[in-house]
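Quick notes on the structure that follows.
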Amino acid sequence: MSKTKYSPSHFKEHTQGRSIQKMSLPAEVVLPLLQHTGAPCQAKVSLKDKVKTGQLIADSEKYISAPIHASVCGEVKAIEKRPHPVLGEYQAIVISSDGQDSPDAAIKERESPDFLSADAIRRIVRNCGIVGLGGAAFPAHVKLNPPQEKKIDTFILNAAECEPYLTADHRLMLERPQEILGGMKIVMKTLGVTSGIVAIEDNKPDVIRIYKELVDGKSIKAVSLKSFYPQGAEKQMIKTILGREVPPGGLPFDVGVVVNNVATCLAIYEAVYMNKPLYERVITIAGTIVKNPANLLVRIGTKIGDIIEFCGGLTEEPAKIILGGPMMGIAQYSLDAPVIKGTSGIIVFSKKETAPRPSHPCIRCGRCIQVCPMGLNPSQIAKAIEKGRFDLAEEYNVMDCVECGACSYICPGNSNIVSLVKLAKHIIKTGSGANRRTVP
Ligand code: SF4
Ligand code: SF4
């Protein structure tokens with residue numbers, strides 16, 4: 001059965017023509033000690049300490065982790081639990097800005113960056129706290145250091161940005177092409193690969209045109225991909241471009257590939273050339289009730305409420321605010337939750353746009369199977385979870401689900417398969433409720 005390429009509407013017209021704007025400095029930033037995949041950091045500063053923009057404030061000795069840096073210059077006001085956009089609440093370092101924005105002395109142009117060894121580049125990327133900015137926030141130095149037995153031959157620059165509404169990567173590709181390609185070359189050199197591919201969805205013809213002109217077409221090629229959701233999922237992208245299938249439970253490393261997104265490559269470039277830590281990023285603020293939708297360069301730790309206010313506020317009371325895209329993002333309960341490293345956007349929905357959809361029993365239409373980028377049977381997985389059979393769900397490879405939401409979106413019965421998957425993953429990972437036969 002051939003796969004259906006069915007996709008939600010793009011809704012990118014609100015912001016794709018809007019150049020990146022720099023947001024004014026917030027009065028206060030909230031920097032959770034966990035904003036990446038891996039071990040949390042420990043605070044390296046104390047209450048009332050003065051810090052400079054870009055100064056190291058939290059770190060971990062664990063390999064899979066990434067240090068955190070002050071995103072404004074000012075004073076440590078609190079180290080306490082604060083709203084966290086993914087975890088509900090988490091210990092955070094709160095810094096009040098003095099408005100000066102004086103940078104840490106270590107941030108300066110590096111001499112001879114082109115002669116750095118691969119190990120030196122990994123160290124810089126780690127010390128600058130770079131993580132994957134596409135959403136997963138996986139520490140970038142780990143991706144740059146694949147296991148020795150894996151022979152990596154291809155690097156893919158993921159410029160798909162397939163999530164509806166989000167246009168931050170689109171704008172970065174247009175406005176910072178040289179630095180992004182510079183970051184891509186650093187990654188290729190570190191991995192020792194000679195083949196690079198810039199993968200762009202065909203709903204960005206302006207980006208395709210520019211990159212086809214900028215790359216040599218030999219060591220680096222720009223390819224246009226059909227726009228559909230979730231084209232940007234790593235495993236989906238590898239299959240589309242190279243025809244290689246990442247095995248169940250495997251990683252792109254297993255088929256000789258590393259994938260990074262656009263903003264991550266830019267951050268790597270800035271770390272290597274400027275020794276600039278990851279303390280700011282570009283996000284999209286969109287939604288029909290946002291007065292001035294935008295692509296904004298914001299400091300990590302800026303609160304959602306401050307960003308919405310900077311965009312002129314809302315035209316009506318919001319029904320739902322999502323951090324990230326509408327398909328994979330997370331609904332927020334507090335406007336005090338901050339932007340963290342993996343935040344790609346803030347999408348605001350009105351009551352009309354979020355009217356509840358009643359769910360109906362599965363009619364076995366098979367549409368969810370057709371759209372699943374991981375080749376799973378979402379309906380079968382959902383049924384196993386509903387019966388409390390987490391062992392069966394695991395056998396059906398529930399852990400391979402990338403939580404893209406395509407199955408829930410396409411389901412005529414409005415089955416909320418992703419919520420069931422998230423629950424099952426949590427129970428399988430933590431062992432909590434493993435013996436239960438019913439869904440909690
Ligand atoms: S099962 Fe997971 S990966 Fe497959 S479509 Fe559903 S959410 Fe996406
Ligand atoms: S799309 Fe929905 S109704 Fe159709 S098979 Fe999947 S779960 Fe069942």
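The values are calculated or read from the model by the stated rules, or taken from the named source; none is laboratory data. Everything numeric in this text was worked out from a predicted model, so none of it was measured. Here the Cβ is made from the backbone with ideal geometry for all residues, glycine too, and neighbour counts use every protein chain on show. Ligands, DNA and RNA are excluded from the accessible area calculation, which covers all protein heavy atoms including side chains. Shrake-Rupley method; radii C 1.70, N 1.55, O 1.52, S 1.80 Å.
Would you please name the GluC sites (Glu not before Pro) within region 1-83 that are DSSP coil residues with at most 16 other C-beta atoms within 10 Å of their C-beta? Within region 1-83, the qualifying GluC sites (Glu not before Pro) (loop, at most 16 other Cβ atoms within 10 Å) are Glu13, Glu61.
Computed with the Debye formula from one identical point scatterer per Cα of region 333-438, without solvent, the log10 of I(q)/I(0) at q = 0.22 Å⁻¹ comes to -1.15.
Here the translational diffusion coefficient of the chain follows from Stokes-Einstein with Rh set to the Kirkwood radius across Cα pairs; for 20 °C and 1.002 mPa s it amounts to 95 µm²/s. To the nearest 10, the accessible area of His36 is 20 Å² with a 1.4 Å probe.
Looking at the chain as a GNM with Cα springs under 10 Å, which of Ala294, Ala424, Ala355 has the largest mean-square fluctuation? Answer for the Gaussian network model of the chain: Ala355. Gain on full extension, evaluated as 0.36 nm per residue between Ala105 and Ser46 minus their Cα-Cα distance, stands at 19.2 nm. Sorting Lys62, Lys429 on solvent-accessible area from highest to lowest, probe radius 1.4 Å, gives Lys429, Lys62.
Taking 4.7 Å between C-beta atoms as the pairing limit, the chain has these partnerless cysteines: Cys41, Cys73, Cys128, Cys162, Cys265, Cys311, Cys362, Cys365, Cys372, Cys401, Cys404, Cys411.
Accessible area, 1.4 Å probe, largest first: how do Thr343, Thr315 sort? Each step should come with its number before you reach the end.
Details: Thr343 10, Thr315 90 Å².
The most accessible residue leads, giving Thr315, Thr343.
Express in nm, to one decimal, how much length is gained between Lys150 and Glu213 on full extension, taking 0.36 nm for each residue of separation and deducting their alpha carbon distance. The partial results should precede the final answer.
Details: separation 63, 0.36 × 63 = 22.68 nm, distance 3.23 nm.
Value of the extension gain: 19.4 nm.
Using a probe of 1.4 Å, the accessible surface attributed to Asp400 totals some 20 Å² when neighbouring protein chains are kept in position.
With each run of n ≥ 4 DSSP H residues scored as -39500 (n - 2.57), what mean residue ellipticity at 222 nm is computed for the chain after dividing by its residue count and rounding to the nearest 500 deg cm²/dmol? It would help to have the intermediate numbers written out before the result.
Details: 13 runs with 115 residues, N = 440.
Calculated from helices alone, the mean residue ellipticity at 222 nm is -7500 deg cm²/dmol.
Accessible-area rank, largest first, for Asp104, Asp98: Asp98, Asp104, with all protein chains present and a 1.4 angstrom probe. Taking every protein chain into account, the accessible area of the chain amounts to 45 square angstrom per residue (probe 1.4 Å). Count charges around Glu316 for me, please; just the other residues with Cβ under 13 Å from its Cβ, Lys/Arg as +1, Asp/Glu as -1. Spelling it out: positives minus negatives among the neighbours equals +2.
With one equal scatterer per alpha carbon and no solvent term, the Debye-computed log10 I(q)/I(0) for region 113-274 at 0.09 1/Å reads -0.26.
Accessible area per residue was computed with a 1.4 Å probe on protein heavy atoms; Ser19 scores about 70 Å².
Using a Förster distance of 35 Å, how high is the FRET efficiency between Lys352 and Lys422, based on the Cβ-Cβ distance and rounded to 0.05? List each step's numbers first, then the result.
Details: r = 27 Å, r/R0 = 0.76.
Once rounded, the FRET efficiency stands at 0.85.
Over 26 Å between Cα atoms, which of Lys52/Lys341; Lys108/Lys221; Lys108/Lys204 qualify? Can you show the working numbers first?
Numbers: Lys52/Lys341 19 Å; Lys108/Lys221 32 Å; Lys108/Lys204 34 Å.
Exceeds cut-off: Lys108/Lys221; Lys108/Lys204.
Partners of Lys218 within straight-line reach, counting lysines whose Cα lies under 18 Å from its Cα and excluding those fewer than 8 residues away in the same chain: Lys185, Lys189. Stretched out straight at 0.36 nm per residue, the stretch from Glu245 to Gln178 would grow longer than its current Cα-Cα span by 21.0 nm.
Among DSSP beta bridges whose residues both lie in the chain, state the antiparallel percentage, nearest 5. Could you put the intermediate results ahead of the total?
Values: 36 of 60 bridges.
Among the beta bridges of the chain, antiparallel pairing accounts for roughly 60 percent.
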